[in-house]
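Q: This structure is in structure tokens; I'll ask about it shortly.
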Amino acid sequence: MKPKYKRLSIVLLVITLLGGALTLTLCALEESMMYFMTPEELLSKKEQFLNQQIRLGGLVKENSLKALPEPMSVEFIVTDTNQELKMIYKGILPDLFREGQGIIAIGKLTENNQFEASQILAKHDETYMPKEVADALKKKALWKEPVNE
Amino acid sequence: MTRFANPKKFYNLSQKLIPILGITTLLFFAIGLYFALFHSPADYQQGESVRMMYIHVPAAWFSTLIFVFMATMSGVAFVWRHPLADLLAQEAALIGAIYTSIALITGSLWGKLAWGAYWVWDARLTSVLILLFLYIAYLALKQSMQDKPIASKMLRLLALIGLLNIPIIKGSVQWWTTLHQPPSIIRSLGISIHMSMLIPLLLMAAAFGLFFLTILLMRTQTRLLNIKTIALLKKQDQLDDPSLAA
């Protein structure tokens, strides 16, 4: 074998082996690579995560947002379309927070199946368009609500 | 292609290309920024803050593409022993590091506006931060080795190993749950950016790419001159003092 091809095969072999090792590592670490849990996952492992600081992600259910008597406090329902959870939050909501949109809440699950959030982050989707286009699509009933994963 | 692996030919070709590339870069930046800042609509959700995209996304694309370029050149240098490939990889690193910083800083500001946080430790943000650390490590290694013959070997190794981080950056938003949204352009469902925003984005991407090429050629030229000067000085020393020649 020419030295050139020998060196080429070394490079390819090393990259393949390291890539394989890395893939296995990342697969093993899958759970900790996840930035947030869905309500379904959380409710299925309720005992494990009760009263622990976690991140929960989901969509804000339409027509579920309510202001609470306490100042700056709100409650709403977060859903992953399979399971839903009532969420309570006191503080300023991000600009992109709205019903039907994705959010990530940092907080903990309490005994009465409520999630008490200490911070809310708005998740935005990968669709970008001018407002007029969005309105026109809505008018023509071609609108598909953006779905976060 | 291999024709231009000859340093002298490469130098002469760069000499011709640099002014053309430079002017084209300026042109693309001018048109791209005009479109991005004045002649594109606000987003239906994010409003005006979407304009951050026209800097953030091109910088982020090229921060990964430049690393792929460096790794490819390092592989070429290792397999085919073209001395120019090493130089191209090494001279690209600083530009890559700057692009990565731009992507991280603009992303952080945009994140505050859109998400409500400057920084979170999700898989996308963390893997891009690792990319910046790889660039810094590469530059620090290059600086500390001062052209010793072993330097280029270690740099090739670092670039090739660092290459493994690139698929993680790309896949992070698809494999795992992240705060960062999934891709808008290279995805199975087709492009999800409206044409009026896609055009300024692509113009800016072209500008960032051309800027990289221009600076890369200029830096490599300077490096070649440097090497030549050192060689000439050595020769001069030998002429002055024949005993050094041995």
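The values are calculated or read from the model by the stated rules, or taken from the named source; none is laboratory data. Quick caveat, the model's predicted, so the values are computed rather than measured. Here Cβ is always computed from backbone atoms with ideal geometry, including for glycine, and neighbour counts include all displayed protein chains. Each accessible area value is taken on the protein alone, full model and side chains, heavy atoms only, with ligands, DNA and RNA left out. Shrake-Rupley method; radii C 1.70, N 1.55, O 1.52, S 1.80 Å.
Q: What number of residues in segment B:202-228 are polar (S, T, N, Q) and open to solvent by less than 70 Å² (accessible area, probe 1.4 Å)?
A: Of the residues in segment B:202-228, 3 are polar (S, T, N, Q) and open to solvent by less than 70 Å² (accessible area, probe 1.4 Å).
Q: Looking at segment A:36-76 only, could you name the residues that are closer than 20 Å to residue A:91 by Cβ, aromatic (Phe, Trp, Tyr) and out of contact with any Lys or Arg (no Cβ under 6 Å at 6 or more places or on another chain)?
A: Within segment A:36-76, just A:76 meets the criteria.
Q: Continuing with the same structure: In segment B:13-61, which residues are in a helix (DSSP H, G or I), under 28 Å from residue B:171 (Cα atoms) and aromatic (Phe, Trp, Tyr)?
A: B:54, B:61
Q: May I pose another question? Residues of segment A:1-57 being assigned to a strand (DSSP E or B) and basic (Lys, Arg), which ones?
A: A:55
Q: Does segment B:144-154 contain any residue that is in contact (Cβ under 8 Å) with a residue 40 or more places away in the chain, crowded, with 21+ Cβ neighbours inside 10 Å, of a type in the set (Gly, Ala, Ser) and not in a loop (DSSP other than H, G, I, E, B)?
A: Yes, that holds for at least one residue.
Q: Separate question: Would you pick out the residues in segment B:166-176 that are touching a residue at least 40 places away in the same chain (Cβ under 8 Å) and not basic (Lys, Arg)?
A: Answer for segment B:166-176, where residues must be touching a residue at least 40 places away in the same chain (Cβ under 8 Å) and not basic (Lys, Arg): B:166, B:168, B:169, B:172, B:173, B:175, B:176.
Q: Residue check: is residue B:142 of a type outside the set (Val, Ile, Thr) and within 30 Å of residue A:118 (Cα to Cα)?
A: When the stated conditions are applied, residue B:142 does not pass them.
Q: In segment B:76-105, which residues are open to solvent by 10 Å² or more (accessible area, probe 1.4 Å), within 14 Å of chain A (Cβ to nearest Cβ) and not charged (D, E, K, R)?
A: B:76, B:78, B:80, B:82
Q: Step by step: first the residues of segment A:99-134, then only those that are closer than 19 Å to residue B:122 by Cα, open to solvent by 10 Å² or more (accessible area, probe 1.4 Å) and hydrophobic (A, V, I, L, M, F, W, C), then the one that is nearest to the other protein chains (Cβ to nearest Cβ). Which residue is that?
A: A:106
Q: Test of understanding: among A:82, A:63, which residue is outside any strand (DSSP E or B), more than 9 Å from chain B (Cβ to nearest Cβ) and in contact (Cβ under 8 Å) with a residue 40 or more places away in the chain?
A: A:82
Q: Scan B:37, B:21, B:33 and give me the residue that is loosely packed, with under 14 Cβ neighbours inside 10 Å, in contact with a Phe, Trp or Tyr (Cβ under 9 Å, 6 or more places away or on another chain) and away from every other protein chain (no Cβ under 14 Å).
A: Testing whether each residue is loosely packed, with under 14 Cβ neighbours inside 10 Å, in contact with a Phe, Trp or Tyr (Cβ under 9 Å, 6 or more places away or on another chain) and away from every other protein chain (no Cβ under 14 Å) leaves just B:37.
Q: Please determine whether any residue of segment B:49-63 is among the small types (Gly, Ala, Ser), without any contact (Cβ under 8 Å) to a residue 40 or more places away in the chain and out of contact with any strand residue (DSSP E or B) (no Cβ under 8 Å at 6 or more places or on another chain).
A: For segment B:49-63, residues among the small types (Gly, Ala, Ser), without any contact (Cβ under 8 Å) to a residue 40 or more places away in the chain and out of contact with any strand residue (DSSP E or B) (no Cβ under 8 Å at 6 or more places or on another chain): absent.
Q: Of the residues that make up segment B:176-188, is at least one part of a loop (DSSP other than H, G, I, E, B), among the basic types (Lys, Arg) and touching a helix residue (DSSP H, G or I) at 6+ places or on another chain (Cβ under 9 Å)?
A: Yes, segment B:176-188 contains at least one residue that is part of a loop (DSSP other than H, G, I, E, B), among the basic types (Lys, Arg) and touching a helix residue (DSSP H, G or I) at 6+ places or on another chain (Cβ under 9 Å).
Q: Hey, another quick one. Do we find that residue B:63 is in contact with a helix residue (DSSP H, G or I) (Cβ under 9 Å, 6 or more places away or on another chain) and buried (at least 23 other Cβ atoms within 10 Å of the Cβ) in this structure?
A: For residue B:63, the condition - in contact with a helix residue (DSSP H, G or I) (Cβ under 9 Å, 6 or more places away or on another chain) and buried (at least 23 other Cβ atoms within 10 Å of the Cβ) - is met.
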